[in-house]
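Structure, as structure tokens:
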Amino acid sequence: MTDPATDLGPLIPRNRAVHPVPYDPGYKTSMTRSPNLPLLSMESTPSEETGPRFGHGLLAELDNNLILNWTKGKAAAVGERILVHGRVLDENNRPVPHTLVEVWQANAGGRYRHIKDTYFAPLDPNFGGCGRTITDEQGYYEFLTIRPGAYPWPNRANDWRPSHIHFSVFGHSFGQRLISQLYFQGDPLIDMCPIAATVKDRGQLDQLVAPLDMTKARPMDFLAYKFDIVLRGRRQTMFENRPEGM
Amino acid sequence: MTQDLNTLTETASQTAGPYVHIGCIPSFAGLKGIYAEDLGLSPISDGAKGQIITITGSVYDGTGWAMRDAMIESWQPDAAGLFAGQDGADPAVNGFCRFAADKDTGEFTLRTVKPGKTPMRGGGFQAPHISVWIVARGINIGLSTRIYFDDEDNSDDPLLSRIEQRPRVDTLLAKKTGDGAYRFDIRLQGAGETVFLDL
């Protein structure tokens with residue numbers, strides 16, 4: 001376990017100030033779902049430094065094509081066709097290769113294909129709403145999808161979610177696990193959204209907004225948005241395997 | 001001015017929302033067949049060495065309501081304390097599981113193998129435990145905790161030893177309810193609040 005040749009060192013402690021506040025009265029549900037007591041902080045252990053690995057064999061051909069994966073390629077989903085692409089990196093600015101990225105989203109009308117979603121915007125018979133891929137050697141990933149619609153949600157009397165794509169990333173350590181949301185450049189609903197507003201650091205919220213990227217847009221086919229994701233890194237020094245203070 | 005550190009800042013978390021199942025457990029959300037099978041259906045396969053156990057519980061919000069929309073992931077070593085991919089690890093233990101609170105009752109069930117103790121960097125051992133990560137609507141950043149067992153020797157565990165208020169250790173212990181059966185409830189807030197971790 002502590003073989004000097006393979007021990008990458010502990011995870012860099014998480015800076016909670018760059019994350020959303022757990023308790024935020026603007027987002028009502030968070031008020032009863034946030035711990036009151038402080039978290040117990042400790043250096044990471046093998047339980048957090050190891051994690052599940054998923055091979056490319058997991059994936060089917062259309063898994064990263066949300067326009068076609070629900071119908072197995074028979075018919076295309078309705079909506080503005082977009083490519084979402086970017087890299088998964090760590091805090092040390094190193095690529096995170098071969099890691100699973102999962103996404104889910106509403107359809108172009110702002111409706112989710114979920115037993116609990118009762119919004120009256122119609123389901124698109126050709127759109128499921130989830131996809132997944134695994135980053136390549138340099139940490140790159142991409143999805144083809146449709147831009148999701150905005151939708152109202154029960155919070156304050158008239159709250160609307162900006163267009164967003166949920167994403168989930170594993171990294172290589174269970175302690176790197178991250179779920180977040182991608183927003184779109186120029187969406188006026190971002191600044192009115194109580195969920196986006198749980199991130200108090202404006203620069204950090206800006207990092208959740210994907211810019212339009214015409215270099216990857218395909219003429220007469222789809223627009224593109226670029227979105228990089230940063231996971232926690234490992235503290236790599238030559239001094240990791242000495243007892244503390246020695 | 002100084003040199004640039006050239007480090008990056010971790011991407012901010014956002015709530016997984018009420019529809020997390022679409023992306024993570026599509027069959028649960030009603031999206032059958034989009035993948036051959038949901039990811040993380042079981043942490044073990046046939047022939048896993050060790051004691052097979054079932055852990056049942058609920059995730060309660062600050063009002064005491066068993067949440068119907070929580071999604072949980074677990075990660076653990078095999079019965080000998082080895083994680084998947086490590087030399088000598090049990091090939092029938094992949095160690096990862098994803099499960100959801102029942103949409104009608106809020107109860108979850110994890111069927112797995114009881115993990116072994118694991119060595120620490122720099123010496124010593126951690127008592128047998130399963131790492132757990134909880135996401136849901138209203139949880140802005142995933143909550144980490146651990147399931148230890150009330151029928152194991154937890155006296156030298158380095159994490160449990162750090163809990164100042166000793167009665168709170170109890171919130172991390174699965175209670176044996178029968179042969180191979182345990183109960184583990186998670187309380188997000190208020191009386192009996194579970195110890196959540198920042199590791």
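Condition first: within 14 Å of another protein chain (Cβ to nearest Cβ) and under 16 Å from the mean Cα position of the chain (by Cα). Now tell me which residues in region A:199-225 satisfy that. Give the derivation first.
Of region A:199-225, the ones within 14 Å of another protein chain (Cβ to nearest Cβ) are A:199-210.
Hits for region A:199-225 are A:VAL199, A:GLN204, A:LEU205, A:ASP206, A:GLN207, A:LEU208, A:VAL209, A:ALA210.
Condition first: within 7 Å of chain A (Cβ to nearest Cβ) and either among the aliphatic types (A, V, I, L, M) or in contact with a strand residue (DSSP E or B) (Cβ under 9 Å, 6 or more places away or on another chain) (or both). Now tell me which residues in region B:41-66 satisfy that. Can you show your working first?
Step one: list which residues in region B:41-66 are within 7 Å of chain A (Cβ to nearest Cβ), which gives B:61-63.
Within region B:41-66, B:ASP61, B:GLY62 qualify.
Identify, from the list A:PRO13, A:PRO35, A:PRO22, A:PRO52, the residue that is in a loop (DSSP other than H, G, I, E, B) and more than 7 Å from every other protein chain (Cβ to nearest Cβ).
On the way: A:PRO35 fails: more than 7 Å from every other protein chain (Cβ to nearest Cβ); A:PRO22 fails: more than 7 Å from every other protein chain (Cβ to nearest Cβ); A:PRO52 fails: more than 7 Å from every other protein chain (Cβ to nearest Cβ).
On inspection, the qualifying residue turns out to be A:PRO13.
Open to solvent by 50 Å² or more (accessible area, probe 1.4 Å), closer than 25 Å to A:ASN15 by Cα, touching a strand residue (DSSP E or B) at 6+ places or on another chain (Cβ under 9 Å) and in a loop (DSSP other than H, G, I, E, B): which single residue out of B:THR2, B:THR9, B:THR15 fits that description? Spell out how you get there, then give the answer.
Details: B:THR2 fails: touching a strand residue (DSSP E or B) at 6+ places or on another chain (Cβ under 9 Å); B:THR15 fails: open to solvent by 50 Å² or more (accessible area, probe 1.4 Å).
Going through B:THR2, B:THR9, B:THR15 in turn, the sole match is B:THR9.
Pick from B:ARG162, B:ARG146: which is at the interface with chain A (Cβ under 10 Å from one of its Cβ atoms), crowded, with 21+ Cβ neighbours inside 10 Å and among the basic types (Lys, Arg)?
Numbers: B:ARG162 fails: crowded, with 21+ Cβ neighbours inside 10 Å.
Testing whether each residue is at the interface with chain A (Cβ under 10 Å from one of its Cβ atoms), crowded, with 21+ Cβ neighbours inside 10 Å and among the basic types (Lys, Arg) leaves just B:ARG146.
Looking only at region B:26-40, which residues are closer than 15 Å to B:CYS97 by Cα and either facing another protein chain (nearest Cβ under 7 Å) or in a loop (DSSP other than H, G, I, E, B) (or both)?
Matches in region B:26-40: B:PRO26, B:GLU37, B:ASP38, B:LEU39, B:GLY40.
Suppose we filter region A:80-137 for residues that are open to solvent by less than 20 Å² (accessible area, probe 1.4 Å) and basic (Lys, Arg); how many remain?
So the count comes out to 1.
Determine which member of the set B:ILE22, B:ILE34 is among the β-branched types (Val, Ile, Thr), under 30 Å from A:GLU61 (Cβ atoms), in contact with a His (Cβ under 6 Å, 6 or more places away or on another chain) and open to solvent by less than 40 Å² (accessible area, probe 1.4 Å).
Working: B:ILE34 fails: in contact with a His (Cβ under 6 Å, 6 or more places away or on another chain).
B:ILE22 is the lone residue from the list that is among the β-branched types (Val, Ile, Thr), under 30 Å from A:GLU61 (Cβ atoms), in contact with a His (Cβ under 6 Å, 6 or more places away or on another chain) and open to solvent by less than 40 Å² (accessible area, probe 1.4 Å).
Could you list, in sequence order, all residues of region A:99-120 that are modelled with pLDDT of 95 or more and among the aliphatic types (A, V, I, L, M)?
A:LEU100, A:VAL101, A:VAL103, A:ALA106, A:ALA108
Taking into account only those residues within region B:165-199 that are open to solvent by 10 Å² or more (accessible area, probe 1.4 Å) and part of a helix (DSSP H, G or I), which is nearest to B:THR56 (Cα to Cα)?
B:THR171
The values are calculated or read from the model by the stated rules, or taken from the named source; none is laboratory data. Quick caveat, the model's predicted, so the values are computed rather than measured. Cβ sites come from the backbone with ideal geometry, for glycine too, and all protein chains shown count toward neighbours. Each accessible area value is taken on the protein alone, full model and side chains, heavy atoms only, with ligands, DNA and RNA left out. Shrake-Rupley method; radii C 1.70, N 1.55, O 1.52, S 1.80 Å.
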